[in-house]
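No lab work stands behind these numbers, since they all come straight from the coordinates. The structure presented is a predicted model; accordingly, all values stated were derived computationally and were not measured. When we count neighbours, we look across all protein chains shown, and the Cβ atoms used for this are built from the backbone with ideal geometry, even at glycine.
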Amino acid sequence: MRFLCGVFVSATEPCAYSILGDYFPKRLRTTANSLMNTSTYLGAGIASLSVMAVSNFGWRASYYIIGGVGCLLSSIAFLLIKEPERGYQARLLF
């Protein structure tokens with residue numbers, strides 16, 4: 001599973017950095033990149049809470065709960081996040 005995680009991360013992270021470069025102006029790119037990198041560690045910390053779900057609900061039910069939340073969040077992201085035109089610089093309010 002670690003190998004597959006490495007395969008998927010190596011395929012998706014360059015795309016994510018590219019999209020961040022299109023969404024944010026130069027002055028905010030380092031902040032956006034640092035927030036994206038921080039989310040990896042936050043996700044690992046939140047994933048360790050799954051131990052409590054397994055002890056309370058059993059491993060099958062906790063997998064269904066975690067998978068359902070993942071499907072819900074990915075559906076929301078799919079609907080709300082649109083890929084900008086290549087080279088487009090967003091005008092942010094701050």
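Structural remarks
- Using the Cβ-Cβ distance between residue 50 and residue 20 with R0 set to 22 Å, the FRET efficiency works out to roughly 0.20.
- Gain upon complete extension [residue 3, residue 37; 0.36 nm per residue less C-alpha separation]: 10.3 nm
- In degrees, nearest ten, helix 2-23 long axis to first principal axis of the chain (Cα): 30 degrees
- Tensor-based shape of segment 1-43 (alpha-carbon gyration tensor, a/c under 1.5 rounded, otherwise prolate or oblate): oblate
- Estimated 222 nm signal from helices in the chain, with DSSP H stretches of n ≥ 4 weighted -39500 (n - 2.57), rounded to 500: -25500 deg cm²/dmol
- With contacts taken as Cα pairs under 8 Å at a separation of at least 6 residues, the chain carries a relative contact order of 47 percent.
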